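Engineer: Structure below; questions to follow.
The values are calculated or read from the model by the stated rules, or taken from the named source; none is laboratory data. Computed from a prediction, not measured in an experiment: that's the story for all the values here. When we count neighbours, we look across all protein chains shown, and the Cβ atoms used for this are built from the backbone with ideal geometry, even at glycine. For the accessible areas, the whole protein counts, side chains as well, though only heavy atoms, and no ligand, DNA or RNA atoms are used. Shrake-Rupley method; radii C 1.70, N 1.55, O 1.52, S 1.80 Å.
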Amino acid sequence: MAAMGVSRAGWVLAALAASMLVSACGDDSGGDPPIPAPPTTAYTGPTTTSAAPRSTTTVVPTTSPVAAQVADYAGDQTGTYYFTSPSTKFECAIITAATPVAGCHGAFPADVPRVGPLGTGGTPLAPNAVRVTSDRAGEFVHLGDPAFHRFDGPARALPYGSTLKIQGFTCSVDERTGVTCERPDHGFTVSDSAFRLW
């Protein structure tokens with residue numbers, strides 16, 4: 001009998017402990033207690049600091065032609081203006097006396113058309129000049145004398161991208177396409193590898 005009483009007392013104690021354990025772990029709703037979420041941290045890598053970006057200014061070169069100073073190209077004779085290409089492959093002139101003309105002597109392409117000597121209509125020859133006048137289209141010609149070469153001193157180079165404008169003629173030199181001289185509706189462009197007449 002005494003043994004049974006101890007067992008009953010142990011059982012009561014065990015039940016009481018179990019009851020306390022349940023109430024300590026549970027909540028009033030009777031469900032499992034919420035499990036706290038593990039703390040979340042995002043990895044941002046090493047912290048670096050940098051100076052604020054510096055502002056920069058970009059200079060864009062202009063593609064507009066620059067007008068050359070006419071007086072820099074004037075010859076000794078009134079109405080004559082001479083220039084060479086920067087490569088010195090072409091010697092050119094704008095001549096405003098008598099019959100206004102702009103033209104060049106130089107290293108023409110091999111496929112330029114052969115022409116008769118000017119004023120004779122004789123046997124076709126390799127041209128030694130290209131020109132444009134105030135009333136005719138650009139043309140290759142064979143002249144007896146070099147009309148576009150400056151004899152009174154060295155001609156000045158007309159820089160790439162510059163234009164020489166004199167009495168309706170405009171001449172310029174492009175590094176890729178060569179020398180161009182024109183009047184409204186007529187002109188020529190020539191290099192040592194290509195040409196165009198209009």
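Engineer: Among all residue pairs at least 6 apart or on different chains, which show Cβ distances below 7 Å where the first residue, located in the stretch 80-96, is assigned to a strand (DSSP E or B) and the second is of a type in the set (K, R)?
Structural biologist: Close Cβ pairs satisfying both conditions: Y82/R150; F83/R156.
Engineer: Further question on the same structure: Out of the residues in the stretch 66-79 that are modelled with pLDDT under 95 and in a strand (DSSP E or B), state the one that is farthest from the chain's Cα centre (by Cα).
Structural biologist: So, considering only residues that are modelled with pLDDT under 95 and in a strand (DSSP E or B), the one farthest from the chain's Cα centre (by Cα) is A67.
Engineer: In addition: Got at least one residue in the stretch 106-123 being charged (D, E, K, R), open to solvent by 40 Å² or more (accessible area, probe 1.4 Å) and free of Cβ contacts under 8 Å to residues at least 60 places away in the same chain?
Structural biologist: Among the residues of the stretch 106-123, at least one is charged (D, E, K, R), open to solvent by 40 Å² or more (accessible area, probe 1.4 Å) and free of Cβ contacts under 8 Å to residues at least 60 places away in the same chain, which makes the answer yes.
Engineer: Which numbered condition trips up T170, out of (1) in a loop (DSSP other than H, G, I, E, B); (2) within 28 Å of D72 (Cβ to Cβ)?
Structural biologist: (1)
Engineer: Would the stretch 139-152 turn up any residue that is under 25 Å from the mean Cα position of the chain (by Cα) and in a loop (DSSP other than H, G, I, E, B)?
Structural biologist: No, the conditions are met nowhere in the stretch 139-152.
Engineer: Collect the residues in the stretch 141-174 that are open to solvent by 50 Å² or more (accessible area, probe 1.4 Å) and either in contact (Cβ under 8 Å) with a residue 60 or more places away in the chain or more than 22 Å from W198 (Cβ to Cβ) (or both), keeping them in residue-number order.
Structural biologist: Of everything in the stretch 141-174, those that are open to solvent by 50 Å² or more (accessible area, probe 1.4 Å) and either in contact (Cβ under 8 Å) with a residue 60 or more places away in the chain or more than 22 Å from W198 (Cβ to Cβ) (or both) turn out to be G144, D145, P146, H149, F151, D152, P154, R156, P159, Y160, K165, Q167.
Engineer: Does P100 satisfy being within 25 Å of V70 (Cα to Cα) and either of a type in the set (F, W, Y) or surrounded by 17 or more Cβ atoms within 10 Å (Cβ to Cβ) (or both)?
Structural biologist: For P100, the condition - within 25 Å of V70 (Cα to Cα) and either of a type in the set (F, W, Y) or surrounded by 17 or more Cβ atoms within 10 Å (Cβ to Cβ) (or both) - is met.
Engineer: Against the condition under 19 Å from L197 (Cα atoms) and either at pLDDT 95 or above or open to solvent by less than 50 Å² (accessible area, probe 1.4 Å) (or both), how does F90 come out, does it pass?
Structural biologist: Numbers: under 19 Å from L197 (Cα atoms): yes; either at pLDDT 95 or above or open to solvent by less than 50 Å² (accessible area, probe 1.4 Å) (or both): yes.
When the stated conditions are applied, F90 passes them.
Engineer: For the stretch 157-165, state whether one or more residues are within 20 Å of Q69 (Cα to Cα), hydrophobic (A, V, I, L, M, F, W, C) and under 24 Å from the mean Cα position of the chain (by Cα). Write out each step before concluding.
Structural biologist: The initial filter retains those residues of the stretch 157-165 that are within 20 Å of Q69 (Cα to Cα), namely 157-165.
Pick out the ones that are also hydrophobic (A, V, I, L, M, F, W, C) and you get 157-158, 164.
Narrowing further to those that are under 24 Å from the mean Cα position of the chain (by Cα): 158.
Yes.
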